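Student: Before anything else, here's the structure in question.
Any read-out appearing in this document is the output of simple, stated calculations on the displayed coordinates, not a laboratory observation. This structure is a prediction, so every number in the text was calculated from the model and none was measured. Note: ideal-geometry Cβ built from the backbone for every residue, glycine included; neighbour counts use all protein chains shown.
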Amino acid sequence: MGAQNPEMQQRVADLKEAMAKNKQALAQYSWNETVTISLKGEQKKQEHFQVRLGPDGKPQKTSLDPPAQPAAQSGGRGGRLKEHVVAKKKEEYEDYANQIKALIQQYVPPDKDAIEQARQKGNIALSPEAGTPGQYKLVISNYLKQGDNMTLVVDKAQKSIVSLSIASYLSDPKDAVNVTVQFSAIPDGPNHVSAETIDGVSKQLTIAIQNSNYQKV
């Protein structure tokens, strides 16, 4: 069982310690986040936020976008009906986008206590990252939900996460949600999520998140 593997225990202990220090360091920064939502390859919405970690360690976001202007009414019953259909479709995809964003916030960034629980249950496999010296891979099964999967690529020397991929689902395993996450380091500073792509497979909805402009506060 992976839970009894001494190398696994050491790797997980090192990673948890590094993650705790990193989160503390990241709390001293604010950054800009750009969120782009696309449906079947067509961009539907883009939002910009300033972000910093709150006292509870969770991100607090302030919109950088001007307030939305109310759309002008189209004349006639046909125009109003079309507007209603468009508004309903927009509401549906935004509701779905919010559902998958809320799900993925439970995975990214990974939680050190959840990783420890997975190790204790024997749900982590350790393997070298093929072709990349100085990195290893932790594959975690049933991290949040039965049948989900999270793969972390970790830098051995820095003990920091390089990339992350997740295969999960909403309430039904058929409603798959796949995620890829890239991490970067601030010069002489903490590691952070630089880019994140969330794919809601059933509705062909993609959420792309870019983080930039890290500043000490």
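Student: So for the chain, taking the charge dipole from beta-carbon charges (+1 Lys/Arg, -1 Asp/Glu), which of Ile115, Asn5, Tyr93 sits furthest toward the positive end?
Tutor: Value computed over the given set: Tyr93.
Student: What number, rounded to the nearest 500 deg cm²/dmol, is the helix-based mean residue ellipticity at 222 nm of the chain, given -39500 (n - 2.57) per DSSP H run of at least four residues and division by all its residues?
Tutor: Calculated at 222 nm, the ellipticity per residue is -9500 deg cm²/dmol.
Student: Also: Here are labelled values, [x] 83, 36, 24; [y] 58, 35, 30; [z] 72, 42, 33, and one is the computed Cα extents along the principal axes in Å for what I pasted. Which one?
Tutor: Here Cα extents along the principal axes in Å agrees with entry [z].
Student: Where does the charge balance sit around Lys58 when Lys and Arg score +1, Asp and Glu -1, over other residues with C-beta under 12 Å from its C-beta?
Tutor: Overall, the nearby charge balance is +1.
Student: How large is the charge dipole for the chain, taken about the Cα centre, if only the Cβ atoms of Lys, Arg (+1) and Asp, Glu (-1) carry charge, to the nearest 20 debye?
Tutor: The dipole of the chain has a size of about 360 debye.
Student: Hey, if you drop one equal point scatterer on each alpha-carbon of the stretch 97-217 and run the Debye formula without solvent, what base-10 log of I(q)/I(0) do you get at q = 0.12, 0.13, 0.18 Å⁻¹?
Tutor: Computed log10 I(q)/I(0) values: -0.47, -0.55, -1.02.
Student: Please state the relative contact order of the chain as a whole percent: Cα pairs under 8 Å, 6+ residues apart?
Tutor: In percent, rounded to a whole number, it is 23.
Student: What is the count of Lys pairs in the stretch 82-217 whose alpha carbons sit under 20 Å apart, if the two are 8 or more places apart or on different chains?
Tutor: 21
Student: Follow-up question, since we're still on this one. What whole-number value in cubic angstrom gives the convex hull volume per residue for the C-alpha atoms of the stretch 126-176?
Tutor: Taking the convex hull of the Cα positions in the stretch 126-176, it is 80 Å³ per residue.
Student: Just how far, in whole angstrom, is the stretch 202-217 from the stretch 143-161 if you go by their alpha carbon centroids?
Tutor: One Cα centre to the other: 19 Å.
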